[in-house]
Amino acid sequence: MTINPRDFADHIARLVQVIPDDPEITRAADLFTKSLTAGGVIQAFGSGHSEAVAMEIAGRAGGLVPSNRLALRDIVLYGDAPRSELDRYDLERDPAIARTLLDLAPVQRHDLFVIISNSGVNGVVVELATLVKERGHDLIAITSRAHGEAAAPRHPSGRKLADLADVVLDNHAPYGDAVLSLPGGGATGAVSTITSALLAQLVVTQTVRNLLEAGEVPPVYLSANVPEGDEHNLRLEARYAGRIRRGA
C-alpha cells in the first residue's frame, strides 16, 4: 500500500464542494447576526487542535471584531490555577474546568458561543455547552457527526456536544479524523482542522452578508500588515473594551 498525498488533497477538494451547501451554515449565520445586532460578542472555544478553529473566528483579518477566544490556559492567565495544571494530559476531559473558564470570561447576556470539538465527547466541551445553555446563550457546535456518533461519551451526563447545540455544523471528518489508511493499521491525513476552518469562515462571511443586506457596516478586521490596519482595528476594538481579549 502506498500513501499518495494527492489522494488527501482530492478528498479535501470533494468536501470543499459539499460543505458550503449545508443549510445549517445559514442557520448559524442568522444566530451570529442576531447576537451582533443585539450588541453581543461571539465567544469561541476549542481545545487541542480545535483552538486553531477558534482562532479563525476570533481576532483575524477579515473576521468579526466582536469576537473572543476562550482557551484552557485562561485558568492560569486570568485565574489562579498553577501553571502545572496545563501539563495535565486529561485537562480537556475534566468537566470542572468548564465552570472556571466560563466564570473567568467577559461574557454578557447577548453573547453567542461557538464550541469546536471534533469528537464532541470530552468533559470540558460538554460541560461548557451545558453551562452555556443553562445561562441562556445560543450555542453553535462545529464537530464531526461521524466521530461523535461512534465515540463513547466521557461526560457524566452521557451527553455529547451535538446533543446540546442549537446548530450543529458537521466537518465531515471520519471517526479518527485521518483518511489515508496505513499498511499496519491507523491512518494519516487529518481532515477536521481544514474543514472546520472552512465552516467557520463560511459562517462569518454569511454573517457579513447579512449585516450588509440590513444596511449595517460590518465590524470587520483589516490585516495588521496593511497600511492603517492597526488604526482601523484599534478603533473598532474600542467599542468592545473589556469584552474581547487579544493576546495569548
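Read-outs: derived from the displayed coordinates by stated rules, not from any lab. Owing to the predicted nature of the structure, the values given are computational and were not obtained by experimental measurement. Ideal geometry is used to build each Cβ from the backbone, glycine not excepted, and the neighbour counts take in all protein chains shown.
Magnitude of the Cβ-charge dipole of the chain, K/R +1 and D/E -1, about the Cα centre, nearest 20 debye? All intermediate terms of the calculation are to be shown ahead of the outcome.
Values: 24 positive and 31 negative charges, 53 e Å.
That gives a dipole near 260 debye.
Can you give the alpha-carbon Rg of the chain over 2.2 N^0.38 Å, where N counts its residues? Intermediate values should be presented prior to the final figure.
Values: Rg = 18.2 Å, N = 248, 2.2 N^0.38 = 17.9 Å.
This ratio for the chain stands at 1.02.
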Legend entry - Neighbour count of at most 13 Cβ within 10 Å plus DSSP loop: longest GluC sites (Glu not before Pro)-free window in the chain: 1-215
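For a quick check of your reading of the filter: which trypsin sites (Lys or Arg not before Pro) in region 110-168 sit in a DSSP loop and have no more than 15 other Cβ atoms within 10 Å? Mind showing how you got there, number by number?
Details: sites: LYS133, ARG135, ARG145, ARG154, ARG159, LYS160; in loops: ARG135, ARG154, ARG159, LYS160.
Within region 110-168, the qualifying trypsin sites (Lys or Arg not before Pro) (loop, at most 15 other Cβ atoms within 10 Å) are ARG135.
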Inset, instruction - For the chain, with a Gaussian network of springs between Cα atoms less than 10 Å apart, report the residue from ALA197, ALA238, ALA165 with the top mean-square fluctuation. - result: ALA238
Inset, instruction - Grab the other residues whose beta carbon is less than 12 angstrom from that of ALA44, score K and R as +1, D and E as -1, and report the net. - result: 0
Legend entry - Value of [θ]222 nm, deg cm²/dmol, for the chain, DSSP H segments ≥ 4, -39500 (n - 2.57) each, nearest 500: -12000 deg cm²/dmol
Legend entry - Leading residue at positive end of dipole, region 90-248 (Cβ point charges), from LEU104, VAL179, GLY215: LEU104
Legend entry - Positive dipole terminus of region 81-161, leading residue within ALA152, GLY123, LEU91 (C-beta point charges): ALA152
Legend entry - Dipole axis of region 167-248 (+1 Lys, Arg; -1 Asp, Glu on Cβ), positive-most option in VAL167, TYR240, ASN225: TYR240
